[in-house]
Amino acid sequence: MDCGGVFVKYVLFIFNILFVICGILLIVFGSLMVSEIKDLSSVDQTFTANSVAIIILILGCAIFLVSFIGCCGAIRENVCGLTAYSIIMLGLFLCQIALIVYVWINHVQIRQSLDQVVQTIWDQRKTDGLLMDTLQKSLKCCGLYKFSDYGTVYPASCCDSPSNGTCSLTSVLFKPGCKSAVDSLWDTNANIIKYAGLGVTAVELVAFIFACCLANQVRNNERRQNF
């Protein structure tokens, strides 16, 4: 194999190491998003609100596994492994582009779905206060729009150090409402999905091209050896 082929081989190997790291990060990120609302499974809208996080988690696992195949195919110069890796990587590239476009186009709709989840939890607080307490503790918020939604008695979940099962006014005065807290959380996560996702897909496209080039060169070398 010439110098160009060796260069492509080791660049592809390094890229796949980066993919392994990206896959792990996506798995962690998706798991954190899922865990944010794992206790809200009784709310009907949870699946819609959580679908993006589930997709990210699945993509992270897929990238991790495919990257391992790519590492083995590159370092062993296996044509079948490199070809399979190229096809799968192209599929992942298209899936991630679709996810980014989906989040970009449906950003507002997804946020509205999350708002509906919060509204449903708030409406059910008198019959099932555990969900609202969980939301307020995890997002450090109080009330639907602001702490005054509770009147003058604030539940213990609105602050870190309640006294006699309630919180004082000073401890909740600067707490945001849970709707705005959820909106802020989604806006931050959506930007991460869009811009970090674009970076990952760019690297995947380069890896796909390099894998095709390396597979073609290995195949040509095998043909020369047979003559």
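Grab the beta carbon distance between Tyr195 and Val108, set R0 = 22 Å, and tell me the FRET efficiency rounded to 0.05.
Details: r = 18 Å, r/R0 = 0.82.
So, using R0 = 22 Å, E works out to roughly 0.75.
Tilt of helix 197-226 relative to the longest C-alpha principal axis of the chain, in degrees (0 to 90, nearest 10)?
Tilt relative to the chain: about 20 degrees.
Using the Karplus equation 6.51 cos²θ - 1.76 cosθ + 1.60 (θ = phi - 60°), what ³J(HN,Hα) coupling, rounded to whole Hz, does each residue of the range 157-173 give in order, writing x for Gly and Pro?
6, 7, 9, 7, 10, x, 10, 6, x, 9, 10, 7, 4, 5, 7, 10, 4
Using a basic spin-label model with each label point 7 Å from the Cα along Cα→Cβ, how many nm lie between Ser31 and Val6?
4.0 nm
What is the helix-to-structure angle for 107-123, meaning the angle in degrees between its Cα long axis and the longest Cα principal axis of the chain, kept from 0 to 90 and rounded to the nearest 10?
Helix 107-123 sits roughly 40 degrees off the main axis of the chain.
Output wanted: per-residue J couplings in Hz (rounded whole) for the range 183-196, from phi through Karplus 6.51 cos²θ - 1.76 cosθ + 1.60, θ = phi - 60°, x for Gly and Pro.
4, 5, 4, 5, 4, 5, 5, 5, 5, 4, 4, 5, 7, 5
Over all directions, the average projected area of the alpha-carbon convex hull for the chain comes to how many nm²?
On the way: hull surface 58.2 nm².
Orientation-averaged projected area of the Cα hull: 14.6 nm².
No solvent, one uniform scatterer per C-alpha: report log10 I(q)/I(0) for the range 143-221 via the Debye equation at q = 0.11, 0.12, 0.21, 0.25 1/Å, two decimals.
The Cα Debye sum returns log10 ratios of -0.53, -0.56, -0.90, -1.06.
Kindly put Tyr145, Tyr154, Tyr102, Tyr85 in sequence by how many other C-beta atoms sit within 10 Å of each C-beta, fewest to most.
Going from least to most buried by this count: Tyr145, Tyr102, Tyr154, Tyr85.
Within the set of other residues whose C-beta is less than 12 Å from the C-beta of Val172, count the net charge using Lys and Arg as +1 and Asp and Glu as -1.
Working: positive: Lys140, Lys146, Lys175; negative: Asp149, Asp160.
That works out to +1.
Can you list the residues, at least 5 places off or on another chain, whose amide H is less than 5 Å from the amide H of Cys142, using H built in the peptide plane?
So Cys142 has HN proximity to Gly177, Cys178.
With springs only between Cα atoms under 10 Å, which of Ser171, Ser113, Ser67 fluctuates most in a Gaussian network model of the chain?
Ser171
Count the lysine pairs in the chain whose Cα atoms sit under 23 Å apart, keeping only pairs 8 or more residues apart in sequence or on different chains.
18
Looking at the range 190-227, which trypsin sites (Lys or Arg not before Pro) are in a loop (DSSP not H, G, I, E or B) and have at most 16 other Cβ atoms within 10 Å?
Details: sites: Lys194, Arg219, Arg223, Arg224; in loops: none.
Answer in residue order: no site qualifies.
Can you compute the helix-only [θ] at 222 nm over the chain? Use -39500 (n - 2.57) per DSSP H run of at least 4 residues, normalise by all residues, nearest 500 deg cm²/dmol. Show your work: numbers first, answer last.
Values: 8 runs with 168 residues, N = 227.
Calculated from helices alone, the mean residue ellipticity at 222 nm is -25500 deg cm²/dmol.
In whole Å, what are the Cα extents of the range 112-178 along the three principal axes, biggest one first?
Dimensions of the range 112-178 along the principal axes of its Cα atoms: 33, 23, 21 Å.
Taken together, the values in this text are just the output of simple stated rules run on the coordinates, not laboratory data. Model, not experiment: these values are computed from the prediction. Using ideal geometry, Cβ is built from the backbone for each residue, glycine included, and neighbour counts are taken over all protein chains shown.
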